[in-house]
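To start, the structure under review is shown below, and the notes come after it.
Derivation of every value follows stated rules applied to the coordinates shown; laboratory data play no part. In this text, all values refer to a predicted model and were calculated from it rather than measured experimentally. Please note: Cβ atoms are built from the backbone with ideal geometry, for glycine as well, and neighbour counts cover all protein chains shown.
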Amino acid sequence: MKTVVVDTRSIERGWFVVDAAELTLGRLASKAAHVLIGKNKPAYSPNQDHGDYLIVVNADKVRLSGRKPDTKSYFRHSTYPGGGKERSFEEQMSRDSTQVVIHAVKGMVSKNPRGRAIMRKLFVYRGPEHPHAAQQPKALKLSVGPTPVVQKV
């Protein structure tokens, strides 16, 4: 078999919309990163960006499992000595819930110029409305539930 290298100009990029209502944050972020990177396509190669555009709506309704809503925090630093600040998950959700989803997906994408280009294809909105109707996004149903336990007989 020959290795097929796809020309970057010939990559077909689709638009998809995901409803984040009642989805677990980590599972949503891993599936979103999978689509943004393009790992769901047969021509995927790790050195190219084959991913699609992804719109995440209802970021206000995303949830965490277990004790994470009480213990998860978001850290930032002003680059000045002693400039570290921390926000709880609840405080961050009340201020800007879109940043919670963006932060989770960003952690699952490579930290280089290609990763930054991948993140530019992610659009997150608090409510059910988005301004990308002209792109005719298709609804994407993510199967992000827990893996079913298979009983051996």
Nitroxide proxy distance, nm - points 7 Å out along Cα→Cβ at E12 and S30: 2.9
Inverse mean reciprocal Cα-Cα distance (Kirkwood Rh) of the stretch 1-136, Å: 16.4
Relative packing of peptides 109-117, 30-38 - highest average C-beta neighbours within 10 Å first: 30-38, 109-117
Violating pairs (Cα-Cα greater than 31 angstrom) within the set K111/K138; K2/K39; K85/K138; K39/K85; K41/K68; K41/K85: K85/K138; K39/K85; K41/K68; K41/K85
Residue-by-residue Karplus 3J(HN,Hα) for the stretch 95-110, coefficients 6.51, -1.76, 1.60, Hz, glycine and proline x: 6, 7, 6, 5, 5, 5, 5, 4, 4, 5, 5, 4, x, 9, 10, 4
Long-range Cα-Cα pairs in the stretch 1-40 (distance over 16 Å), rounded percent: 51
By average C-beta atoms within 10 angstrom, highest first, the peptides 93-104, 122-133: 93-104, 122-133
